[in-house]
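Encoded as structure tokens, the structure appears first; notes follow it.
The values are calculated or read from the model by the stated rules, or taken from the named source; none is laboratory data. Treat the numbers as computed from the prediction; the structure is a model and nothing was measured. Every residue, glycine among them, receives a Cβ derived from its backbone with ideal geometry; neighbour counts consider all protein chains shown. These area figures cover heavy atoms from the full protein model, side chains too; ligands, DNA and RNA do not enter into them. Shrake-Rupley method; radii C 1.70, N 1.55, O 1.52, S 1.80 Å.
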Amino acid sequence: MNTIFRKSMLSIAGLAFAGGVFAGPIAAHAATPAVDAKPAAVAVQSAAPKPQGDQSHITLNGEQTANVKAIIAATKKAGLPERAAVISIATSLQESKLENLGHLGDANDHDSLGLFQQRPTSGWGTPEQITNPEYSTTAFLKGLRQVDGWQDMPLTDAAQTVQVSAYPDAYAQWEQQATDLVGQHWNS
């Protein structure tokens, strides 16, 4: 069993146990007449998980906003839901601050290029392809689709499984801004 799947299953089991511990005492008193007839506990689920940890935010310029729109367009073209766009945008925020980076000389991380800092030598594509926002997003999404359960896992785990970064937890800090950007531009 892979590690992410095992951790997910353990998390679900832990939540189920905690839910039983919490709901057990409530259920035991269900026969007791209540002063207020409101439900004792309500489980609330949202379409996306709550962002993890401290969140970062940057002000976007026109180029960065155009790249957000390109990522969303590529996600829609791939037939994937908004959550895939959130993960993609958060990943790009971490990797390049949504800037389509060319070769940076000595400051370059190996041969990493584009919105997602993808590497030609790692098989992501040619430099020309990787610096094309639609291509690089489609390549990222192809990797994301290969991650079992990506829709339900924490954003940073999904992004890290695709990107294999030296900083695996760094993606989480961009989840709120990515969610906001997708909310703002998905239907525009």
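Which length gain, in nm to one decimal place, applies between residue 69 and residue 111 when the Cα-Cα distance is subtracted from 0.36 nm times their residue separation?
Numbers: separation 42, 0.36 × 42 = 15.12 nm, distance 2.54 nm.
Extending this stretch completely gives an extra 12.6 nm.
Accessible area per residue of the range 45-102 at 1.4 Å probe, in Å²? Intermediate values should be presented prior to the final figure.
On the way: 2850 Å² over 58 residues.
I get 49 Å² per residue for this part.
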| field | Inter-site label distance for residue 58 and residue 122 at 7 Å from Cα along Cβ, in nm | value | 1.8 nm
